[in-house]
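Chemist: Could you have a look at this structure, given as structure tokens, before my questions?
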Amino acid sequence: MGSHAVWIVGGALLTYGLFHCWYVGFGKRVAPELRERLKLAMEKTDIPEFQRSNILQFLERDDGKDFVMVNLLELKQPRAESRKKLTAYSKIFLGSLLRRAGHPVAMATAASGKIESVNVAPERDWGVAFLVRYRSRTDFAEVMLETLGSEHHGLKLDALARTIAFPAAPWSLAGGPRILVPLLIALLATIALYINAV
């Protein structure tokens, strides 16, 4: 293997290693100090006690792995105005999330009212389903600390008639960044090796 090829392969491996460290992380659990900070921050808000308890329990059971937050949303009327507020909130929220290797997984808008329900009030329909990937529960806690009581969080609350969110793990996504990025790096390295060889 020539010197150029060594640099190409080495560069590809280094790039993948850096991506893996950033996107997957090191399985770090939520620090007790961070959990306590979030607990104190939530106590200063109007988050119901049962929700605060669920969040703290979720952090205490940290496995160091990623998860998705499943969100169901219904916008207030007029929806166009509410959609603008939600978009303004999302730009700030997603910026904070992306810095921590989190990202949207899927978004879908309801095509009709619900077609199946069990023990759900007839008038309770959802307009949007939104799945967001978090790299870790530590990242989730840090994003919450940045969000609680903020102006952009107020935009979200003003935009929604109702919402429900719950974390889900383990989960899987065929063709996500964990697979696509290594494939792209390998493809670019292969092209570079070919060009170098001719």
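The values are calculated or read from the model by the stated rules, or taken from the named source; none is laboratory data. Keep in mind it's a predicted model, so treat the numbers as computed, not measured. For neighbour counting, all protein chains shown are included, and Cβ atoms are generated from backbone atoms with ideal geometry for every residue, glycine included.
Chemist: Checking the structure you have, find out if any residue of segment 105-121 is assigned to a strand (DSSP E or B) and surrounded by 14 or more Cβ atoms within 10 Å (Cβ to Cβ).
Modeler: Yes, that holds for at least one residue.
Chemist: Now a separate question. Check whether at least one residue in segment 147-170 is modelled with pLDDT of 90 or more, outside any helix (DSSP H, G or I), touching a Ser or Thr at 6+ places or on another chain (Cβ under 9 Å) and surrounded by 16 or more Cβ atoms within 10 Å (Cβ to Cβ), and report yes or no.
Modeler: Within segment 147-170, one or more residues are modelled with pLDDT of 90 or more, outside any helix (DSSP H, G or I), touching a Ser or Thr at 6+ places or on another chain (Cβ under 9 Å) and surrounded by 16 or more Cβ atoms within 10 Å (Cβ to Cβ).
Chemist: Let me ask something else about it. When both residues are 6+ apart or on different chains and their Cβ atoms are under 6 Å apart, which pairs have a first residue that lies in segment 152-179 and is within 19 Å of residue 51 (Cβ to Cβ), and a second that is in a loop (DSSP other than H, G, I, E, B)?
Modeler: The qualifying pairs are 161/76.
Chemist: May I pose another question? Kindly indicate whether any position in segment 60-76 is surrounded by fewer than 12 Cβ atoms within 10 Å (Cβ to Cβ), free of Cβ contacts under 8 Å to residues at least 12 places away in the same chain and farther than 30 Å from residue 193 by Cβ.
Modeler: Yes, the conditions are met somewhere in segment 60-76.
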